[in-house]
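This report refers to the structure that appears directly beneath it.
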Amino acid sequence: MYIKEEKKAPLGALVYTWKTTAKDGSTYSIDKLLLDFAVKYRAGQGVLDRLAGLLWVEYRHWTSYKMGTFREQFSFELPGDRSFWLGMGLNGPSGVDTRRARLELNPNKVGHSQALWYVFNALWDASGPHERVTVKRWDLAVDLPGSREEYELVKDGRQYEEMRRSASDRTQYLGQRNAPGRYKLYNKTRESGLEQLLTRLELTLDGADCAPDRVAGEWPTVYRVRSEEQLSLEVAALNETDRFILRTLWREPERLGELSRRKRAKLEPLLAACGRVEFDRAAFGEVLLELRRWTERRPETAAPGCPGTWKEIPENG
């Protein structure tokens, strides 16, 4: 009989299933993850039979007939308001493709769940023999120390959107919606009810073979803006017009080229005082290694990256 063990996470702290630290002190981890399984012919029913034996976790089941959706869908509910989703049998123009299955999860929230790996292993065992599971899409999470007001995502030629209620409650988007290459910069402290000041930069990526060169080439310009208080002496020497221009440049650094040579020489050093969030290739390489581990079958006695017995841990995410 499985007895659920719960370990309380520190109140107001963000907990990770797996993470790595970049040179600048930011934290890289894997967020939303979509895994596709190539289920063997007539093996899907065996997976459904194994799910019927999943007695220690609550789940909802529903059926969808909409084209392009999965016929049999399941949402597994875990403690701490966490969940993961399973779809089996893709609805297509010629009927249901029973060889298609998809698992959607947030590793930082459910990576230690025995229920997740029970379902994962059931799918893995029913798939193959070649390319049993592939990474369809995933989100890279980069957690930046500091308040949301300190960071600015710079507009470029890509699609830009912004939702703003206040200076701290503000979300910026760069790139096409629901597509790889989409960036999101938002207040993680507010979103997850944390005590620590944290701003998150999220990037949606396609598949596990994400070349670091490609990601580096598409990496957005994100500045960590120093406050006027931190630059008090330099800012105090400016007149009101120049202060207004400087604040504009902090939000839109690309407009520096619109200034006259004299004005640019005066304000460019203050703009340069902003630190830029750089892409860390080494940290990203470690993320890719961890990502590939999510395509491997796991023994049901140890969680990924965390030796020991299975434990359910409620987490903020």
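Derivation of every value follows stated rules applied to the coordinates shown; laboratory data play no part. These numbers come from a predicted model, not from an experiment. Cβ atoms come from the backbone with ideal geometry, glycine included; neighbour counts cover every protein chain shown.
Rounded to the nearest 20 debye, the dipole magnitude of the chain is 520 debye, with +1 charges on Lys and Arg beta carbons, -1 on Asp and Glu beta carbons, and the Cα centre as origin. Largest mean-square fluctuation among 69, 171, 241, in a Gaussian network model of the chain whose springs join Cα atoms under 10 Å apart, belongs to 241.
How charged is the neighbourhood of residue 140? Take every other residue with its Cβ under 12 Å from the Cβ of residue 140, and add Lys/Arg as +1 and Asp/Glu as -1.
Overall, the nearby charge balance is -3.
The residues packed around residue 73, meaning those with a beta-carbon under 12 Å from its beta-carbon, carry a net charge of +2 if Lys and Arg are +1 and Asp and Glu are -1. For the range 119-190, what does the alpha-carbon gyration tensor say about shape, rounded, prolate or oblate, given a ≥ b ≥ c as the root eigenvalues, a/c under 1.5 as rounded, and a/b over b/c as prolate? Note, shape of the range 119-190 comes out prolate.
Build a GNM of the chain with springs between Cα atoms under 10 Å apart, and of 153, 271, 116 the one that fluctuates most is 271. Ranking of 244, 84, 74, 279 by neighbouring Cβ atoms within 10 Å, starting from the fewest: 244, 279, 74, 84. If I take R0 = 45 Å and measure r between the Cβ atoms of residue 24 and residue 298 in this structure, what FRET efficiency does the formula 1/(1 + (r/R0)^6) give, to the nearest 0.05? That gives a FRET efficiency of 0.90.
Taking other Cβ atoms within 10 Å as a rough exposure proxy, 70, 37 sort from fewest to most as 70, 37.
Note on the chain: with a GNM built from Cα contacts shorter than 10 Å, the maximum mean-square fluctuation among 150, 72, 131 falls on 131. Taking Cα extents along the principal axes in Å straight from the coordinates, which label in (1) 74, 46, 35; (2) 90, 37, 31; (3) 100, 48, 31 is the correct one? Matching entry in (1) 74, 46, 35; (2) 90, 37, 31; (3) 100, 48, 31: (1). Here 189, 199 are placed in order of increasing Cβ neighbour count within 10 Å, fewest first, which gives 189, 199. On full extension, the segment bounded by residue 194 and residue 242 gains 13.6 nm, given 0.36 nm per residue less the C-alpha separation.
Roughly speaking, what is the centre-to-centre gap between the range 153-169 and the range 77-149 when only Cα atoms are used, to the nearest Å? About 29 Å separates the Cα centre of the range 153-169 from the one of the range 77-149.
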